[in-house]
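Step one of this worksheet: look at the structure below.
The values are calculated or read from the model by the stated rules, or taken from the named source; none is laboratory data. Not measured: the values here are computed from a predicted model. Cβ coordinates were reconstructed from backbone atoms using ideal geometry, including for glycine residues, and neighbour counts include every protein chain displayed. Areas reflect the complete protein model, heavy atoms only, side chains present, ligands, DNA and RNA absent. Shrake-Rupley method; radii C 1.70, N 1.55, O 1.52, S 1.80 Å.
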Amino acid sequence: MVKAMIIFIIIGYLIGCIHGSKVAQFLSGVDLKKTGHGNAGASNATLSLGWKYGILVALIDIGKGVAAVLCALYYFSSNASQFTEVQMWLLTYAIAASVILGHNFPFHMGFKGGKGTASIIGILLAIDWKIALFALMLFVILSLTTNYLIIGVLVFYIVFCTATYLWIPGIGPTMISIVLFAIALMLHIENIKRLIQGTEPKVTSAFKK
């Protein structure tokens with residue numbers, strides 16, 4: 001179990017280090033770390049480069065979350081007898097958390113990457129697509145109605161944590177989901193401050209680019 005945990009964490013982190021922002025930089029010539037709010041994620045790509053680049057970065061970053069969880073589930077399908085259900089879900093959430101850490105703190109970007117929103121969407125899609133679609137609907141509706149992406153992001157994490165607590169066996173996954181939410185809050189502190197001050201960029205500004 002310990003060996004599997006270490007391997008899953010390493011693989012998850014390396015997958016997380018694959019950044020959609022680098023593809024956007026190659027195509028646009030704009031380094032997202034040096035524009036907008038300086039984070040290498042889909043939200044900054046949307047607000048800084050427009051919705052087309054935002055979608056591109058989001059799809060890549062969502063994809064790595066999906067890929068990591070599906071790889072774990074495929075591994076378990078071939079080695080189910082070696083793990084209990086609780087252990088399988090703990091390992092699944094461990095690789096998921098590692099993807100987020102790799103995205104947020106990639107070694108090749110000085111450990112300063114994105115904020116993990118797109119990747120957490122991909123992770124929930126792979127865990128349970130029905131809950132993920134519900135959370136995405138809330139994300140889109142609240143982001144558009146309030147005109148602030150940060151509102152949708154925080155609500156998505158709340159759904160993720162709640163769903164984990166209600167339907168995933170074992171205390172480990174719930175603790176991991178809460179830690180991921182705490183990391184998201186920490187990385188979005190400036191967004192929250194700007195939201196309170198009324199200076200946070202609005203969603204509609206992205207459609208003008």
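In the set Thr92, Thr84, Thr46, Thr35, which member is touching a helix residue (DSSP H, G or I) at 6+ places or on another chain (Cβ under 7 Å), surrounded by fewer than 21 Cβ atoms within 10 Å (Cβ to Cβ) and among the hydroxyl-bearing types (Ser, Thr, Tyr)? Show your work before the answer.
On the way: Thr92 fails: surrounded by fewer than 21 Cβ atoms within 10 Å (Cβ to Cβ); Thr84 fails: touching a helix residue (DSSP H, G or I) at 6+ places or on another chain (Cβ under 7 Å); Thr46 fails: surrounded by fewer than 21 Cβ atoms within 10 Å (Cβ to Cβ).
Exactly one residue qualifies, and that residue is Thr35.
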Next item on the list: Kindly check whether there is at least one residue in region 186-204 that is without any contact (Cβ under 8 Å) to a residue 24 or more places away in the chain and outside any helix (DSSP H, G or I).
Entry: yes
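For region 119-132, enumerate the residues that are open to solvent by 40 Å² or more (accessible area, probe 1.4 Å) and part of a helix (DSSP H, G or I).
Leu125, Trp129, Lys130
Quick check on Phe139: is it surrounded by 20 or more Cβ atoms within 10 Å (Cβ to Cβ) and either at pLDDT below 95 or not β-branched (Val, Ile, Thr) (or both)?
yes
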Check: Taking region 97-108 as the search range and keeping residues that are open to solvent by 30 Å² or more (accessible area, probe 1.4 Å) and of a type outside the set (Phe, Trp, Tyr), which one is modelled with the highest pLDDT?
Finding: Leu101
Checklist line | Residues that are touching a helix residue (DSSP H, G or I) at 6+ places or on another chain (Cβ under 7 Å) and open to solvent by 30 Å² or more (accessible area, probe 1.4 Å), drawn from region 63-72 | finding: Gly63, Val66, Ala67, Leu70
Check: What's the number of the condition Ala135 fails, among (1) in a helix (DSSP H, G or I); (2) within 23 Å of Ala24 (Cα to Cα)?
Finding: (2)
Next item on the list: Of the conditions (1) of a type in the set (Val, Ile, Thr); (2) more than 18 Å from Trp167 (Cβ to Cβ); (3) touching a residue at least 60 places away in the same chain (Cβ under 8 Å); (4) open to solvent by 40 Å² or more (accessible area, probe 1.4 Å), Ile60 clears all except one; give me its number.
Entry: (3)
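Here's the yes/no breakdown for (1) of a type in the set (A, V, I, L, M); (2) touching a Cys at 6+ places or on another chain (Cβ under 6 Å); (3) under 18 Å from Asn44 (Cβ atoms):
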{"residue": "Ala94", "(1), (2), (3)": "yes, no, no"}
{"residue": "Pro106", "(1), (2), (3)": "no, yes, yes"}
{"residue": "Met109", "(1), (2), (3)": "yes, no, yes"}
{"residue": "Leu149", "(1), (2), (3)": "yes, no, yes"}
{"residue": "Thr162", "(1), (2), (3)": "no, no, no"}
{"residue": "Thr174", "(1), (2), (3)": "no, no, no"}
{"residue": "Leu180", "(1), (2), (3)": "yes, no, no"}
{"residue": "Leu185", "(1), (2), (3)": "yes, no, yes"}
{"residue": "Thr204", "(1), (2), (3)": "no, no, yes"}
Next item on the list: Determine which member of the set Gly198, Gly172, Gly152, Gly116 is open to solvent by less than 90 Å² (accessible area, probe 1.4 Å) and out of contact with any helix residue (DSSP H, G or I) (no Cβ under 9 Å at 6 or more places or on another chain).
Entry: Gly198
Checklist line | Only listed residue being aliphatic (A, V, I, L, M), in contact with a Ser or Thr (Cβ under 9 Å, 6 or more places away or on another chain) and farther than 25 Å from Ala24 by Cα, chosen from Ile176, Ile100 | finding: Ile176
